[in-house]
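Right, one structure below, let's go through it.
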Amino acid sequence: MAKKKWASQTGLTLIELLITLLLLAVIASLSSNAFSNLIPRHRALTAMTTFRGLFQFARTTAIYSQRTVTVCALTSAQKCTRDWSGDRRIAVFYDNNQNRYLDEKDEGLRLLDWPARKGVVSWRASLARTYINFLPQGNTWQNGTLYYCPANGDVRHANALVLSHSGRSYHPGDSNGDGIREDRKFKPLSC
């Protein structure tokens, strides 16, 4: 008598398939929450890194040229303004006539176009100045903070860049671990 060959089962049962699909759905929902925060967090970090690089460039240029370098956001009339939001141009220049305008008598060093869709940026400084002057020694006589709030207003993705009298800048942290960065006085940022 010939032996029967049994067909071996190579597929999944219905229960195994349902369990696999359920696990995939749970993993997908967990990872989508993590990735949805990744883009706004990256935008905030990119904004502050960009501005920090701009400040370092201005400070270094002031030291090497032994001239005062001005940094500010410009209105459409090329005047320095405290409002760094909107579609502003951020200018680094030698303000030869010290009128806080980027005009034909000045020497432009660098221009940065800041698109509004990336978030709102504002500058708050001592003495209510609308500009930052880096002196030939590398310092600045006013200190202040550059604030970034994402376009969606989520304070968890807000960031700040503090500029000290020495002309150096730093990112304040989150000292209490609540997920919201703080300003230089340890107050939570707000949007």
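Since every read-out is calculated from the coordinates, none of them should be taken as a lab result. Everything quoted here is computed from the prediction, not taken from an experiment. Cβ atoms come from the backbone with ideal geometry, glycine included; neighbour counts cover every protein chain shown.
Taking the chain as a Gaussian network, Cα atoms linked when under 10 Å apart, which of Pro136, Pro40, Pro150 shows the biggest mean-square fluctuation?
Pro136
Mean separation of Cα pairs under 8 Å and 6+ residues apart, divided by the residue count of the range 100-191: what relative contact order is that in percent?
21 percent
How much net charge surrounds Arg88 when only other residues with a Cβ under 12 Å from its Cβ are counted (Lys, Arg +1; Asp, Glu -1)?
+1
Using Cα pairs closer than 8 Å and at least 6 residues apart in sequence, work out the relative contact order for the chain, in percent.
So the answer I get is 17 percent.
Let a ≥ b ≥ c be the square roots of the eigenvalues of the Cα gyration tensor of the range 106-182; is it rounded (a/c under 1.5), or, if not, prolate (a/b larger than b/c) or oblate?
Note, shape of the range 106-182 comes out oblate.
Which value in deg cm²/dmol, rounded to the nearest 500, describes the helix-derived mean residue ellipticity at 222 nm for the chain, given -39,500 (n - 2.57) per DSSP H run of n ≥ 4 and division by the residue count?
It comes out at -10000 deg cm²/dmol, rounded to the nearest 500.
Tell me, what HN-Hα J-couplings in whole Hz come from the Karplus equation 6.51 cos²θ - 1.76 cosθ + 1.60 at θ = phi - 60° for each residue of the range 153-164, using x for Gly and Pro?
x, 6, 5, 5, 10, 6, 8, 8, 9, 8, 10, 8
If amide H atoms are built 1.01 Å from N in the plane of the peptide, which residues on other chains or at least 5 residues away come under 5 Å of the amide H of Arg100?
none
Hey, got the Cα dimensions of the chain along the principal axes, in Å, largest first?
Over the chain, Cα extents along the principal axes are 109, 36, 30 Å.
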